[in-house]
Amino acid sequence: MYQKYFIIHDTPVRGKVYSFNGYAIRKAEHNYGYFALMTNGVKYPVEALRIYRLKDLIEKSFGNLKERLSMRRMSVASEENFEGKLFVQFIALKLMSYIKKQMDVNGLFSNYTMQSLLDELDVIEYYQQQGKTHHLSEITNKQLKLYELMEIPAPT
């Protein structure tokens, strides 16, 4: 392959001299960064690219199932418990998908990663003692704005 991109000269004084084959390099670089997506079901190229890029979300979702949502080992005693845990994981995955969609729609990925947004909201704590009304930790204006952008009512 090197002979395609380098020109090699034998000289009596210096031995072998190597130089670049500029034409071959430019020809190879011409298609760098391009790829083809083929589909039977999507009409518009921008939509096909968006769907293709969502594969990363699917891979991260499986990662979330295994790590963040404790799905690596399904330590359950019965099939009923297994189905219950699987259902809870499904709901969690749907919520993560919704949050990702809202982050895309509202341009939140310029300021947050999925993890940093969840961490921002994770600090809100809910306290309740038996027989008494509940208390929430302080909710900042930044957190209220995130709930608004997610189209989810803020906790009260």
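Read-outs throughout are calculated quantities, based only on the coordinates presented, and are distinct from any laboratory measurement. Just so it is clear, the model here is predicted, and its values are computed rather than measured. Neighbour counts are summed over all protein chains in view; Cβ atoms, including those assigned to glycine, are modelled from backbone coordinates with ideal geometry.
Counting charges near LEU54 (Lys, Arg +1; Asp, Glu -1) among other residues having Cβ under 15 Å from its Cβ returns a value of +3. Listed by chain and number, the lysines placed with their C-alpha closer than 17 angstrom to that of LYS101 are LYS55, LYS60, LYS145; residues fewer than eight positions away on the same chain are left out. Placing +1 on the Cβ of every Lys and Arg and -1 on the Cβ of every Asp and Glu, with no other charges, gives the chain a dipole of roughly 840 debye about its Cα centre. Counting only complete DSSP H runs, which helices of the chain cover 15 Å or more along their long axis at the Cα atoms and score a mean Kyte-Doolittle of -1.0 or above? TM-like helix candidates: 55-66, 79-105. Charge tally around ASN141: other residues with Cβ under 13 Å, Lys/Arg +1 each, Asp/Glu -1 each, net -1.
Helical content alone sets the calculated 222 nm signal of the chain at -15500 deg cm²/dmol, taking -39,500 (n - 2.57) per DSSP H segment of four or more residues and averaging over every residue. Taken over the chain, the alpha-carbon convex hull comes to 286 cubic angstrom per residue.
Straight-distance candidates among the aspartates and glutamates for linking to LYS100, with alpha-carbon spacing under 12 Å and chain neighbours fewer than 8 residues away dropped: ASP56.
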